[in-house]
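The values are calculated or read from the model by the stated rules, or taken from the named source; none is laboratory data. Computed from a prediction, not measured in an experiment: that's the story for all the values here. Glycine also receives a Cβ, built like all others from the backbone with ideal geometry; neighbour counts cover every protein chain displayed.
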Amino acid sequence: MDGAGIENGGLIVLENRETAENREIAAVDIEGNATLKRYMKMGDTILLISRNSAYEPMQIRSGEARILGVAVGVIKEV
């Protein structure tokens with residue numbers, strides 16, 4: 001996740017939670033595929049925003065995703 005201090009080869013430390021607050025970086029399961037994005041909930045809509053400007057935000061309905069956890073740290077490769 002370019003721009004969030006998360007680089008290739010790094011490990012993300014997740015807090016195991018089923019909910020996320022707006023602007024938190026969350027691991028989200030969408031139809032069996034996991035993604036790590038900034039989470040924004042607006043009513044029944046969720047916007048998943050990548051820090052990498054090469055990727056467009058993903059807009060989904062609340063029932064289409066399951067939160068796997070929230071990023072609480074990064075372990076960088078040395």
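Elements of the type strands (runs of 3 or more DSSP E) sitting completely within segment 38-78 and holding at least 1 residues that are farther than 14 Å from Val28 by Cβ and not basic (Lys, Arg): these cover 66-75. For the condition at pLDDT 95 or above, in contact with a Leu (Cβ under 9 Å, 6 or more places away or on another chain) and among the small types (Gly, Ala, Ser), Ala20 does not qualify.
Suppose the filter is out of contact with any Gly (no Cβ under 7 Å at 6 or more places or on another chain), surrounded by 13 or more Cβ atoms within 10 Å (Cβ to Cβ) and under 13 Å from Leu68 (Cα atoms); does Leu48 pass it? In short, no.
For Ile6, state whether it is buried (at least 17 other Cβ atoms within 10 Å of the Cβ) and at pLDDT 95 or above. Spelling it out, it is not the case that Ile6 is buried (at least 17 other Cβ atoms within 10 Å of the Cβ) and at pLDDT 95 or above.
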